[in-house]
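The structure appears right after this line, and notes come after that.
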Amino acid sequence: DIHLGTEACDEQKLDQTIDKIGSTPQCYWLFTGDGCEYINRSDPRFSVGTLAHWIKISDLDDLANVQRKRLEKKLRPIIKTCMGFMKGNHEAMIQKYYENNIHKMVCENLNIRDLTSAVFMNIFFRPEAGSSAYLVKLVAQHPRCGLGGQVGGKINKAIRHLHNFDADIFALPHFHQKNKTEVAVIGSTDSINPSSKELCKMTIQCGSYLRTYSKGISTYGEDAMYDPVPLGSPYIDIWQERQIEGKRDFFETRME
């Protein structure tokens with residue numbers, strides 16, 4: 001949830017994330033929607049005073065595309081490691097009310113997969129050529145509704161939603177929180193004489209670069225008394241370890 005195009009978007013924080021992705025080996029990322037504000041003049045949330053400083057008066061005639069072009073320019077250097085683009089509620093609303101499928105345009109211009117607003121993805125990791133591949137199953141969904149005002153309500157909904165899928169990770173954007181919850185599930189080993197094992201599943205709330213409160217401007221988040229949130233994106237660190245005795249392979253997942 002970048003929300004590029006408003007002065008409340010922390011572009012410096014975004015640039016730091018982009019630099020980290022670009023400089024980290026074997027780092028892949030998923031775009032989860034709401035790349036820009038895409039709030040036009042007829043939208044009740046529109047306010048000239050909250051527009052980003054780089055937007056000119058002449059840009060108001062084509063505001064959404066001005067924002068889109070800046071987003072594409074920022075993300076293009078790391079687009080080769082992107083696993084796909086999801087559609088957020090801001091992209092969905094401008095398509096619905098202004099007949100502008102700007103999400104499709106971004107995907108075509110960056111030559112990236114359009115994942116719509118929900119995706120189930122199998123991610124394979126192979127430590128080295130010719131070795132066994134490790135599978136991590138990811139589900140992500142960008143909702144268009146609220147899940148209650150408190151952080152706990154959003155976490156509970158994410159956990160319940162995780163159990164609807166045979167997945168290791170459920171990623172939940174839209175709510176601008178940045179946290180994770182681990183859930184333990186008891187399973188069994190794949191052998192003739194199976195033994196029990198603990199499987200780790202995880203829910204992630206994907207964060208944002210939009211400040212709720214910004215000096216000198218009054219945002220719609222401030223007017224609605226939304227909670228301030230920590231800015232930035234969470235990341236998952238996945239690694240493999242191999243136990244030679246017993247020939248048992250496994251992976252673990254963590255987030256920092």
Residues that are modelled with pLDDT of 95 or more and under 20 Å from the mean Cα position of the chain (by Cα): does the range 55-62 have at least one?
no
Taking the condition farther than 30 Å from GLU11 by Cα and of a type outside the set (D, E, K, R), does ILE192 pass?
yes
Whichever residue in the range 122-137 is under 22 Å from the mean Cα position of the chain (by Cα) and touching a residue at least 40 places away in the same chain (Cβ under 8 Å) and, among such residues, is nearest to GLN26 (Cα to Cα):
PHE125
Condition set outside any loop (DSSP other than H, G, I, E, B) and touching a Pro at 6+ places or on another chain (Cβ under 9 Å), scope the range 188-208, selection surrounded by the fewest Cβ atoms within 10 Å (Cβ to Cβ): answer is SER188
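Please specify each residue of the range 66-89 satisfying the condition of being closer than 13 Å to HIS103 by Cβ and either within 17 Å of the chain's Cα centre (by Cα) or at pLDDT below 95 (or both).
Within the range 66-89, the first condition is being closer than 13 Å to HIS103 by Cβ, and the residues that meet it are 67-68, 71-72, 84-89.
Within the range 66-89, LEU71, GLU72, GLY84, PHE85, MET86, LYS87, GLY88, ASN89 meet the criteria.
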Those residues that are open to solvent by 30 Å² or more (accessible area, probe 1.4 Å) and among the β-branched types (Val, Ile, Thr), I need them from the range 22-74; list them, please.
THR24, VAL48, ILE57, VAL66
Tell me, yes or no, whether the range 163-172 has at least one residue that is aliphatic (A, V, I, L, M), surrounded by fewer than 17 Cβ atoms within 10 Å (Cβ to Cβ) and more than 29 Å from GLY5 (Cβ to Cβ).
no
Given (1) open to solvent by 80 Å² or more (accessible area, probe 1.4 Å); (2) within 27 Å of GLU72 (Cβ to Cβ), number of the condition GLY221 does not satisfy
(1)
Checked against (1) touching a Ser or Thr at 6+ places or on another chain (Cβ under 8 Å); (2) hydrophobic (A, V, I, L, M, F, W, C); (3) open to solvent by 40 Å² or more (accessible area, probe 1.4 Å), VAL151 satisfies every condition except (1)
Using beta carbons and a limit of 9 Å, which pairs, at least six apart or on different chains, have the first residue in the range 38-63 and under 19 Å from LYS96 (Cα atoms) and the second one open to solvent by less than 20 Å² (accessible area, probe 1.4 Å) and at pLDDT below 90?
ARG45/THR219
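Filter the range 39-70 down to the residues that are touching a helix residue (DSSP H, G or I) at 6+ places or on another chain (Cβ under 7 Å) and closer than 29 Å to ALA140 by Cα and list them by number. Don't jump to the end; show me each part of the working.
Quick first cut of the range 39-70, residues touching a helix residue (DSSP H, G or I) at 6+ places or on another chain (Cβ under 7 Å) only: 40-41, 45, 55, 59, 64, 66, 68.
ASN40, ARG45, ALA64, VAL66, ARG68, listed by residue number.
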Considering (1) hydrophobic (A, V, I, L, M, F, W, C); (2) touching a Lys or Arg at 6+ places or on another chain (Cβ under 6 Å); (3) exposed (fewer than 13 other Cβ atoms within 10 Å of the Cβ), say which one ILE102 fails and leave the rest.
(3)
What number goes with the only condition from (1) in a loop (DSSP other than H, G, I, E, B); (2) under 18 Å from PHE120 (Cβ atoms) that THR212 does not pass?
(2)
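The values are calculated or read from the model by the stated rules, or taken from the named source; none is laboratory data. Remember, it's a predicted structure, so these values are computed and weren't measured experimentally. With ideal geometry, Cβ positions are generated from the backbone for all residues, glycine too; neighbour counts draw on all protein chains shown. The area values use the complete protein model at the heavy-atom level, side chains included, leaving out ligands, DNA and RNA. Shrake-Rupley method; radii C 1.70, N 1.55, O 1.52, S 1.80 Å.
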